[in-house]
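**Student:** My questions will all concern the structure given below.
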Amino acid sequence: MKIWQVTGWIAWGLLGACGAAWVQAQPGPTGATASCKTLKASGNPQYPPYLWPDPVQEGQLVGANADLMAWLGKELGVTIEVRHVGSWGRVQEEMRAGRLDLIAGAFFTLPRTEYMDYVHPPFRETRSVVLVREAKPFDYQRWTDLVPRAGLTVINNSFGEAFDRFAADKLRISKTPTLEQAMGMLALGRADYLLYEDSPAEAYMARMNVRGVKLLSPPVAQEQLYVTLSHRSECNTPELRGALARAMFKLQREKLMPDFVRAGVLRWQKEGAAVSAAPNKP
């Protein structure tokens, strides 16, 4: 056999292998390769009616924002898994490391822009409020009314760029791993107030049968919720960012999010009723 024939066969073999690899790596409609046909999402797991752990399917989150992710996946032609990876703080760590592709609902803060992109437009406006014991109310009209008092919130929670700066400089706020723990501490009088978003707080109060706690007005902040995309996600391409933005404009134009929220409220209520009706185990 001649050397040039062997060399030719090897060259054609290498070219064929490279061609096959190139075909497999070609981007789809969103600019992502085949490995990006499934995107990993998560969010605050203590955030009903937006997100909470699925009581049936372990390791998954359900709620209005999970429904949003399912709709978004259909729009993009991909599968979006909404995973329960731990606390809200852990979710942000996973996002920073690139082990998550998306967060299904985050407020805008400058530090978060260091590790994730915000998809515009936002999909929901929320109200962050002051919760107090009815037996120990106090006059609250502005942020400075909180200065002499001790507060609580959940680790890594944000209330918008402006209030976060004010709180860091002026307020005494302790942070707990979970909302249940913060609610319990407030009920026991270990703090004067609790800061959290109104809808999730009311949902947990109903589920935990919390009595003697009320929400004060005005809210400390009214902030927008965004879908975000990790800087370190291998699926973060210009095509995907563009497709996400177009889908979010469609969501806003067709006013779909209120329906997802209503469905989330009903599901949370039904699950709470099922828990209450279940017989106590010995």
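**Student:** With respect to residue 160, is the statement that it is of a type outside the set (Phe, Trp, Tyr) and either more than 24 Å from residue 91 (Cα to Cα) or over 20 Å from the mean Cα position of the chain (by Cα) (or both) true? Write out each step before concluding.
**Tutor:** Details: of a type outside the set (Phe, Trp, Tyr): yes; either more than 24 Å from residue 91 (Cα to Cα) or over 20 Å from the mean Cα position of the chain (by Cα) (or both): no.
In short, no.
**Student:** Suppose the filter is among the charged types (D, E, K, R), modelled with pLDDT of 90 or more and within 20 Å of the chain's Cα centre (by Cα); does residue 175 pass it? Lay out the reasoning, then the answer.
**Tutor:** On the way: among the charged types (D, E, K, R): yes; modelled with pLDDT of 90 or more: yes; within 20 Å of the chain's Cα centre (by Cα): yes.
So residue 175 passes the test.
**Student:** Would you confirm whether or not region 134-145 contains a residue that is at pLDDT 95 or above, under 21 Å from residue 103 (Cβ atoms) and touching a strand residue (DSSP E or B) at 6+ places or on another chain (Cβ under 9 Å)?
**Tutor:** No, region 134-145 contains no residue that is at pLDDT 95 or above, under 21 Å from residue 103 (Cβ atoms) and touching a strand residue (DSSP E or B) at 6+ places or on another chain (Cβ under 9 Å).
**Student:** Output yes when any residue across region 132-144 is basic (Lys, Arg) and in contact with a helix residue (DSSP H, G or I) (Cβ under 8 Å, 6 or more places away or on another chain), and no when none is.
**Tutor:** Narrowing region 132-144 to residues basic (Lys, Arg): 133, 136, 142.
With the extra rule that they be in contact with a helix residue (DSSP H, G or I) (Cβ under 8 Å, 6 or more places away or on another chain), the set shrinks to 133.
The answer is yes, given that some residue of region 132-144 is basic (Lys, Arg) and in contact with a helix residue (DSSP H, G or I) (Cβ under 8 Å, 6 or more places away or on another chain).
**Student:** Return the residues of region 37-83 that are free of Cβ contacts under 8 Å to residues at least 12 places away in the same chain and among the β-branched types (Val, Ile, Thr); say none if nothing qualifies.
**Tutor:** Listed by number, the list holds a single entry, 56.
**Student:** Condition first: surrounded by 15 or more Cβ atoms within 10 Å (Cβ to Cβ) and more than 29 Å from residue 252 (Cβ to Cβ). Now tell me which residues in region 124-143 satisfy that. I'd like the intermediate steps shown before the answer.
**Tutor:** Looking only at region 124-143, we keep the residues that are surrounded by 15 or more Cβ atoms within 10 Å (Cβ to Cβ), and these are 124, 126-133, 140, 143.
Result: 130, 131, 132, 133, 140, 143.
**Student:** All but one of (1) over 22 Å from residue 199 (Cα atoms); (2) at pLDDT 95 or above hold for residue 110; state the number of the condition that does not hold.
**Tutor:** (2)
**Student:** Return the only residue of 7, 30 being at pLDDT below 95 and surrounded by 18 or more Cβ atoms within 10 Å (Cβ to Cβ).
**Tutor:** Numbers: 7 fails: surrounded by 18 or more Cβ atoms within 10 Å (Cβ to Cβ).
On inspection, the qualifying residue turns out to be 30.
**Student:** Filter region 222-253 down to the residues that are of a type in the set (D, E, K, R) and within 15 Å of residue 96 (Cα to Cα) and list them by number. Even if it seems obvious, please write down each step before you answer.
**Tutor:** Step one: list which residues in region 222-253 are of a type in the set (D, E, K, R), which gives 223, 232, 234, 239, 241, 246, 250, 253.
232, 234 - these are the residues of region 222-253 that are of a type in the set (D, E, K, R) and within 15 Å of residue 96 (Cα to Cα).
**Student:** Any chance region 195-202 includes a residue that's at pLDDT below 95 and either small (Gly, Ala, Ser) or over 23 Å from the mean Cα position of the chain (by Cα) (or both)? Write out each step before concluding.
**Tutor:** Looking only at region 195-202, we keep the residues that are at pLDDT below 95, and these are 197-202.
Narrowing the set further to residues that are either small (Gly, Ala, Ser) or over 23 Å from the mean Cα position of the chain (by Cα) (or both) leaves 199, 201.
Yes, some residue in region 195-202 is at pLDDT below 95 and either small (Gly, Ala, Ser) or over 23 Å from the mean Cα position of the chain (by Cα) (or both).
**Student:** Conditions: (1) farther than 19 Å from residue 221 by Cβ; (2) touching a residue at least 12 places away in the same chain (Cβ under 8 Å); (3) under 22 Å from the mean Cα position of the chain (by Cα). Residue 181 meets all but one. Number of the miss?
**Tutor:** Looking at each condition in turn, residue 181 falls short on (2).
**Student:** Residue 116 versus (1) hydrophobic (A, V, I, L, M, F, W, C); (2) over 23 Å from residue 49 (Cβ atoms); (3) surrounded by 14 or more Cβ atoms within 10 Å (Cβ to Cβ); (4) modelled with pLDDT under 95: which is the lone unmet condition?
**Tutor:** For residue 116, the failing item is (4).
The values are calculated or read from the model by the stated rules, or taken from the named source; none is laboratory data. This is a predicted model, so every value here is computed, not measured. FYI the Cβ positions are ideal-geometry reconstructions off the backbone, even for glycines, and counts take in every protein chain you see.
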